[in-house]
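Visitor: Handing you a structure now.
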Amino acid sequence: MTNHDHERAVELIMRGREETVAADLSWLGSHLELCAECTQFASDFDFAGRLMHATAITATPSLVAATQARVRARALHLAEQRSRMVLIAISFCLGAMSSAVSAWLWWRFGSWVAERFGWSPAIVEPGIMLALLLPALVIAGLMLAFPHPVLEERFMAAWARERGGDNQ
């Protein structure tokens, strides 16, 4: 017998008779006739199952109350997270729409400047867009050049204090 046969037998024993196909059950029966180790495992597994069904497991009222309180707290936390996600999504959509509108207005402003001063729109309009993007590009470059964990440390400390307040 190979180690694979023992693994298959253990898997079929743990799966149970209701969930096992008839062909697998017949293979398991023939394997158990030949293998004392798997027969002992099946016997011990059945005994443990009967013992667990026969033993009444009860929880103390304080454990039940503490568990219910934790479940309620977790449900409130998940509801708060959901509402925050909705607000974040709404904020993102409003920001994206206002950015699109302001970009269009600045583009039109660039066209007006080009007409007014006789400059080429091919230079002015992209220049206006670059001027709009320049602060974000500079900040992103600075954040990449000087990664400083001060903001992260402050954020994590505030988050830890907030979480500690929730547990009290």
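The values are calculated or read from the model by the stated rules, or taken from the named source; none is laboratory data. It should be emphasised that the depicted structure is a prediction, and the values quoted were computed from it without experimental measurement. Heads up, the Cβs are rebuilt from the backbone with ideal geometry, glycines too, and the neighbour counts pull from every protein chain shown.
Visitor: Among the listed residues VAL124, VAL113, VAL101, identify the single one that is among the hydrophobic types (A, V, I, L, M, F, W, C), in contact with a Phe, Trp or Tyr (Cβ under 8 Å, 6 or more places away or on another chain) and at pLDDT 80 or above. Give the derivation first.
Guide: Values: VAL124 fails: in contact with a Phe, Trp or Tyr (Cβ under 8 Å, 6 or more places away or on another chain); VAL101 fails: in contact with a Phe, Trp or Tyr (Cβ under 8 Å, 6 or more places away or on another chain).
Answer to the selection: VAL113.
Visitor: Quick check, is LEU137 part of a helix (DSSP H, G or I), surrounded by 10 or more Cβ atoms within 10 Å (Cβ to Cβ) and in contact with a Ser or Thr (Cβ under 9 Å, 6 or more places away or on another chain)? If you could, list the steps in order and put the result at the bottom.
Guide: Numbers: part of a helix (DSSP H, G or I): yes; surrounded by 10 or more Cβ atoms within 10 Å (Cβ to Cβ): yes; in contact with a Ser or Thr (Cβ under 9 Å, 6 or more places away or on another chain): no.
Here the answer is no, as LEU137 does not meet what is asked.
Visitor: Within segment 30-60, track down each residue that is among the basic types (Lys, Arg) and surrounded by 11 or more Cβ atoms within 10 Å (Cβ to Cβ).
Guide: Pass one, segment 30-60, residues among the basic types (Lys, Arg): 50.
Within segment 30-60, none qualify.
Visitor: Quick check on ALA103: is it within 30 Å of PRO121 (Cα to Cα) and in contact with a helix residue (DSSP H, G or I) (Cβ under 9 Å, 6 or more places away or on another chain)? Walk me through it before giving the result.
Guide: On the way: within 30 Å of PRO121 (Cα to Cα): yes; in contact with a helix residue (DSSP H, G or I) (Cβ under 9 Å, 6 or more places away or on another chain): yes.
In short, yes.
Visitor: Suppose we filter GLU18, GLU11, GLU37 for residues that are in a helix (DSSP H, G or I), within 36 Å of the chain's Cα centre (by Cα) and among the acidic types (Asp, Glu); which single one remains?
Guide: Numbers: GLU18 fails: in a helix (DSSP H, G or I); GLU37 fails: within 36 Å of the chain's Cα centre (by Cα).
Selected residue: GLU11, the only one of GLU18, GLU11, GLU37 that is in a helix (DSSP H, G or I), within 36 Å of the chain's Cα centre (by Cα) and among the acidic types (Asp, Glu).
Visitor: Examine segment 88-98 for a residue that is modelled with pLDDT under 85, of a type in the set (Ser, Thr, Tyr) and either in contact with a Pro (Cβ under 9 Å, 6 or more places away or on another chain) or assigned to a helix (DSSP H, G or I) (or both), and state whether such a residue exists.
Guide: There is no residue in segment 88-98 that is modelled with pLDDT under 85, of a type in the set (Ser, Thr, Tyr) and either in contact with a Pro (Cβ under 9 Å, 6 or more places away or on another chain) or assigned to a helix (DSSP H, G or I) (or both).
Visitor: Let me confirm something: among ALA66, ALA114, which residue is over 30 Å from GLU11 (Cα atoms), within 28 Å of the chain's Cα centre (by Cα) and without any contact (Cβ under 8 Å) to a residue 12 or more places away in the chain?
Guide: Working: ALA114 fails: within 28 Å of the chain's Cα centre (by Cα).
None of the other options fit; the residue is ALA66.
Visitor: Residues being free of Cβ contacts under 8 Å to residues at least 24 places away in the same chain, surrounded by 12 or more Cβ atoms within 10 Å (Cβ to Cβ) and touching a Leu at 6+ places or on another chain (Cβ under 9 Å): count how many of those fall in segment 5-22.
Guide: Kept after step one, since they are free of Cβ contacts under 8 Å to residues at least 24 places away in the same chain, are these residues of segment 5-22: 7-8, 11-12, 15-22.
Checking which are surrounded by 12 or more Cβ atoms within 10 Å (Cβ to Cβ) leaves us with 8, 11-12, 15, 20.
The next check asks that each one be touching a Leu at 6+ places or on another chain (Cβ under 9 Å); those that pass are 8, 12, 20.
Residues in segment 5-22 being free of Cβ contacts under 8 Å to residues at least 24 places away in the same chain, surrounded by 12 or more Cβ atoms within 10 Å (Cβ to Cβ) and touching a Leu at 6+ places or on another chain (Cβ under 9 Å): 3 in total.
Visitor: Only one of these conditions is not met by PHE41: (1) free of Cβ contacts under 8 Å to residues at least 60 places away in the same chain; (2) of a type outside the set (Asp, Glu); (3) more than 30 Å from ASN3 (Cα to Cα). Which number is it?
Guide: Evaluating PHE41 over (1) free of Cβ contacts under 8 Å to residues at least 60 places away in the same chain; (2) of a type outside the set (Asp, Glu); (3) more than 30 Å from ASN3 (Cα to Cα) leaves (3) as the failure.
Visitor: Separate question: State all residues of segment 102-129 that are in a helix (DSSP H, G or I) and loosely packed, with under 10 Cβ neighbours inside 10 Å; if no residue qualifies, say none.
Guide: At the first step, the residues of segment 102-129 found to be in a helix (DSSP H, G or I) are 102-117, 121-129.
If the condition is that a residue be in a helix (DSSP H, G or I) and loosely packed, with under 10 Cβ neighbours inside 10 Å, then ARG116, PHE117, ALA122 are the ones that fit.
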